[in-house]
1. Restricting attention to region 309-344, which residues are small (G, A, S) and modelled with pLDDT under 95?
2. Considering region 414-439 alone, what residues qualify as being among the hydrophobic types (A, V, I, L, M, F, W, C), part of a helix (DSSP H, G or I) and over 19 Å from G453 (Cα atoms)?
3. Modelled with pLDDT under 90, on the phi > 0 side of the Ramachandran plot and touching a Phe, Trp or Tyr at 6+ places or on another chain (Cβ under 8 Å): is that true of G159 in this structure?
4. Evaluate the following for T287: is it among the polar types (S, T, N, Q), in contact (Cβ under 8 Å) with a residue 24 or more places away in the chain, surrounded by 14 or more Cβ atoms within 10 Å (Cβ to Cβ) and within 25 Å of W411 (Cα to Cα)?
5. Let me spell it out: the conditions are (1) touching a residue at least 12 places away in the same chain (Cβ under 8 Å); (2) closer than 20 Å to P199 by Cβ, and P252 meets all of them except one. Which number is the exception?
6. Restricting to region 388-431, give me the number of residues that are touching a strand residue (DSSP E or B) at 6+ places or on another chain (Cβ under 7 Å), farther than 18 Å from Y324 by Cα and of a type in the set (G, A, S).
7. Identify, by number, the condition in (1) in contact (Cβ under 8 Å) with a residue 40 or more places away in the chain; (2) assigned to a strand (DSSP E or B) that N347 doesn't meet.
8. So which residues in region 224-264 are buried (at least 21 other Cβ atoms within 10 Å of the Cβ), among the charged types (D, E, K, R) and at pLDDT below 90, if there are any at all?
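The values are calculated or read from the model by the stated rules, or taken from the named source; none is laboratory data. All values reported here derive from a predicted model rather than from experimental measurement. All Cβ positions, even for glycine, are placed from backbone atoms using ideal geometry, and neighbour counts span all protein chains on display.
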Amino acid sequence: MTNGGGLRIVTSQDALEEGMDRGGNDRPVMSSLSDIENIFRFSRAQPKDNVNEVSPIRPNDLYPANSLTPLLITKKRRGSIIRYLSRCFVISITGFMVMVVMIIVFRWGGREESWIKHPYIDKHYGKNVSSIPDRMISANSHNDEMQGGDALNLALSLGYGFIEIDTYLGPAPAPALSPKPGYSSSNFSTLSSNSTLDPSLTLLAGHDLKDLKAQRTLKKLYLEPLLDILDRNNRNSTAAGDGSTGIYDKDPTNEVAILIDMKRDGESIWPYLLDSLQPFISKNYLTYYNTTSSTWHHGPLLIIGTGSTPLSEVYHQSVRYVFYDAPLLTLHKPIMIPESENGPSVNVEWSKEISPMASSKLPFKYYFSIIPSFHFISLPLGPRGTKDTLRCRLKRYTSTAQEKGIKSRWWGLIGTSNWLKVKMWGVLWETGQNVLNTDDLIQSKQWLESKRGKDRNLDRCQGGFV
């Protein structure tokens with residue numbers, strides 16, 4: 001139909017009549033998009049007697065309002081605001097944590113320096129009575145060769161009971177080099193005498209390859225001085241054995257542990273290490289375990305291999321002069337030693353007869369245990385799916401080691417932030433760590449002395465691993 005101005009108004013009836021299928025079917029079809037638009041715009045006409053007056057469709061005609069509409073809109077807005085604030089909170093917390101991690105990572109970067117410069121301290125072990133400490137402390141001088149040219153004397157003058165040395169196999173120095181003043185080289189006349197070993201190679205002390213020098217041998221920096229001290233402390237002894245006086249003659253019964261951190265190929269380093277230890281073995285200065293008779297001999301020195309030390313070599317020794325640094329994080333799990341030329345494959349449980357010490361790098365998540373609120377937050381970390389706190393989890397690791405008679409040690413603590421480092425020392429001390437691993441020898445000794453006689457509250461956590 002048309003109005004007075006010639007404009008054609010399409011009604012629903014017109015659309016049905018004109019949109020019949022040409023095939024004779026009763027199914028209406030739209031001839032064009034404009035027809036559909038016209039139907040939407042003008043199908044709602046004014047009263048039927050006046051079809052010329054047409055009004056557009058209003059929003060309320062399509063979506064009629066009711067009494068609940070304002071309430072629904074209010075709830076939707078409130079929900080949107082809550083979601084927005086929650087997202088902002090999560091983003092803020094995430095950004096803060098990322099910033100903290102970035103600061104720690106960029107400030108840490110590892111210890112790149114090869115030498116640590118210490119202020120002069122009037123302590124040279126063995127040179128005078130005042131340089132001999134009253135007692136041995138349960139701390140490890142980590143990468144001791146990085147403590148300077150007189151590193152061993154510094155560690156001994158402070159009473160360290162564990163000394164770790166990074167060791168490589170490298171070229172031996174020229175034979176004409178004179179021994180270090182004050183020490184005798186006669187004890188080492190048989191070193192490198194094994195005909196199966198290459199005499200042009202020896203064990204070098206150094207943290208990185210750039211630190212290695214032919215003159216900085218394990219023998220010269222550590223083995224010769226240690227043997228000389230033991231000989232001097234036992235010069236009046238009539239028989240060597242369990243009664244030998246140790247490194248610290250004021251604390252003679254305690255054994256000092258020497259940790260040999262084998263770098264790169266431990267299989268190649270192994271025979272050279274055993275050959276270097278022969279002077280100590282011949283005088284019963286080493287702690288050893290006889291695997292045949294299942295008996296111990298306790299000497300002044302305990303040798304523990306770490307790093308790339310071959311476990312099969314350690315395990316299959318008939319007399320175990322070198323022990324193994326077990327992984328603290330997995331100490332509760334058995335270990336499979338594969339078949340080798342040393343012996344058949346064997347599945348064993350960790351024990352003090354294999355590993356008097358266990359250590360692992362401290363996972364980053366445990367740094368959050370210094371935050372007071374995290375003391376009470378339970379995480380799904382405990383045995384059989386039970387929840388646990390971060391500190392209790394650390395306590396379970398050290399408790400497992402203690403039950404096996406193994407000393408525990410965490411390494412890899414962040415060192416650039418002194419505040420964070422000392423806080424973590426406290427956390428590890430409170431959770432039962434036996435040996436403090438440190439690069440800061442003087443500060444660590446003072447800190448340990450401040451903790452002497454204080455209660456660790458080690459009975460807070462119960463249970464163990466499964």
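1. S340, G343
2. Of everything in region 414-439, those that are among the hydrophobic types (A, V, I, L, M, F, W, C), part of a helix (DSSP H, G or I) and over 19 Å from G453 (Cα atoms) turn out to be W419, L420, M424.
3. So G159 does not fit the description; no.
4. Yes, satisfied.
5. Just one mismatch for P252, condition (2).
6. Selection size over region 388-431: 1.
7. (1)
8. The answer is none; no residue qualifies.
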